[in-house]
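Novice: Below: one structure in C-alpha cells.
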Amino acid sequence: MTSAELTILFVATAFAAFLKSGAGIGAGLFLLPALSLIFDPFKALAATAPLLLLMDIIAVGCHWKRWIAPPVLTVMAGLSVIGVLCGSLAVQHLPANTLKTVIGVIGVTYALSNLLPCRGLHHLTARLPASFAATAIPAYLASFLGGVFNVVNAGSVFYAFSMVHLKLKSRVFVATCCVLILISNFVRAVSFFLNGMLPPDLIISALKLIPVIAVFSWLGSRIVARCPPALFRNLVFFLILAMCAKTLLSAF
C-alpha cells in the first residue's frame, strides 16, 4: 500500500472506531465511502471487513451477555449468516459503478430516514399487518436482509429494524445488534478471503491498526458522554449523508 492509502486508512479507521463506540451506529456506512474516496470500491469494501470485525469484537466485549436469549438469537444469527453468504456470492459480480450506487442509495436513505420526522424504521413497523407484526417473522426476515446488505456495510439498518420490532430494551438492543454484526462480519471476512477479494496485506494492515481502534474507541465512549446524544446522533447522520451522497454522485 502507498503512503497516501495508509494515511486515508488510518484516519478513516480512527473516526469509524470513534463512531462505533460513541454512537453505536454508522461506522460501516461512514468507513466504506470514506475509503472509496481513494480506493476502488471493491478494495475499499474488502478493507472494511477486517477493520470492522476488530471494532465489533471490542463492542461485543463491552456488552457481554446482555443480548437477547436463544432460540430467537440463534434463528436470527443463522438467517443472518445465510444472508451474508448470498450477498458475498453476488457482490463480486457487480460492476464498480453499480456497487457505488448501492452503497450511496442505502446510506442516503438510512441517513434521511433518521433525520426526517417520519423516522423510517418506526414508520415501517407501524404499517405492518397486525397478524404478521404479532410474530417474530418480520425480525427474522430483517435478519436475513441484514446479512445480505451487511456485505456492503448496510446490515445495521435491517438489524435495527429487527430490534425495534422485538421491542427490546436499549442495552439488549445494542448488545444483540453487536452480536449479529460481529457474526455476519466474521462470515463476510472469511468469504472475502476465500473468494480472493481480501488479500493478506489488507488483513496485516488491519491488525497493525488495533492500537488505533482501541484508543479511538475509548475516546469515542468518553467524549460522547459529554455531548447531547440527539445532537451527536444527528451529526453522525449528516456525515453519513454527505459521504454516501458523494459516493452516489461519483457513480455517474
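The values are calculated or read from the model by the stated rules, or taken from the named source; none is laboratory data. The structure presented is a predicted model; accordingly, all values stated were derived computationally and were not measured. Cβ placement follows ideal geometry from the backbone for every residue including glycine, while neighbour counts extend to all protein chains displayed. Ligands, DNA and RNA are stripped out before the accessible areas are found, and what is left, the full protein with its side chains, is counted by its heavy atoms. Shrake-Rupley method; radii C 1.70, N 1.55, O 1.52, S 1.80 Å.
Novice: Using the Cα centre of the chain as the reference point, and only Cβ charges (+1 on K/R, -1 on D/E), how large is the resulting charge dipole? Debye, rounded to the nearest 20.
Specialist: Working: 16 positive and 4 negative charges, 155 e Å.
For this selection, approximately 740 debye.
Novice: A further question follows. Students often get this wrong, so try it: which of [x] 61, 37, 32; [y] 92, 39, 28; [z] 55, 44, 36 is Cα extents along the principal axes in Å as calculated from the structure shown?
Specialist: For Cα extents along the principal axes in Å, the calculated option is [z].
Novice: Taking the chain as the reference, fit the longest principal axis to its C-alpha atoms, fit the long axis of helix 210-224 to the helix C-alpha atoms, and give the angle between the two in degrees, 0 to 90, nearest 10.
Specialist: Computed tilt is about 50 degrees.
Novice: Moving on. Name the shape class, rounded, prolate or oblate, that the alpha-carbon gyration tensor gives for the range 133-252, where a ≥ b ≥ c are the square roots of its eigenvalues, rounded holds for a/c under 1.5, and otherwise prolate holds if a/b is larger than b/c and oblate otherwise.
Specialist: Working: a/c = 1.42, a/b = 1.11, b/c = 1.28.
In terms of gyration-tensor shape, rounded.
Novice: Could you derive backbone 3J(HN,Hα) for the range 178-192 from the dihedral phi with the Karplus parameters 6.51, -1.76 and 1.60 (θ = phi - 60°), listing whole Hz in sequence and x where the residue is Gly or Pro?
Specialist: Listing the rounded values in order: 4, 5, 4, 5, 4, 4, 5, 5, 5, 4, 4, 4, 5, 4, 5 Hz.
Novice: While we're on this one: What ³J(HN,Hα) values, in whole Hz, does the Karplus curve 6.51 cos²θ - 1.76 cosθ + 1.60 give for the range 74-81 when θ = phi - 60°, with x put for Gly and Pro?
Specialist: Here the 3J(HN,Hα) series is 4, 5, 4, 5, x, 5, 5, 4 Hz.
Novice: How much of the accessible area of the range 58-104, probe 1.4 Å, is carbon plus sulfur, in whole percent? Write down the numbers at each step before the final one.
Specialist: On the way: 1790 of 2430 Å².
Percent of accessible area from carbon and sulfur atoms in the range 58-104: 73.
Novice: Would you tally the net charge around THR13, using a Cβ to Cβ cut-off of less than 14 Å, leaving THR13 out, and scoring K and R as +1, D and E as -1? Before the final figure, lay out the partial values.
Specialist: Values: positive: LYS20, LYS208; negative: GLU5, ASP56.
So the surrounding residues net to 0.
Novice: Just want to confirm a number: the relative contact order over the chain, from Cα pairs under 8 angstrom separated by 6+ residues, in percent.
Specialist: Values: 338 pairs, mean separation 97.6, N = 252.
Normalised by residue count, the contact order of the chain is 39 percent.
Novice: Taking the solvent-accessible surface of protein heavy atoms with a 1.4 Å probe, what is the per residue accessible area of the chain in Å²? Present the calculation step by step, with values, prior to reporting the outcome.
Specialist: Values: 11790 Å² over 252 residues.
Result: 47 Å² per residue.
Novice: Tell me, what is the Rg over Rh of the range 1-110, with Rh the Kirkwood radius over Cα pairs? Don't skip to the end; give the middle numbers.
Specialist: Details: Rg = 15.5 Å, Rh = 15.5 Å.
With Rg and the Kirkwood Rh in hand, the quotient comes to 1.00.
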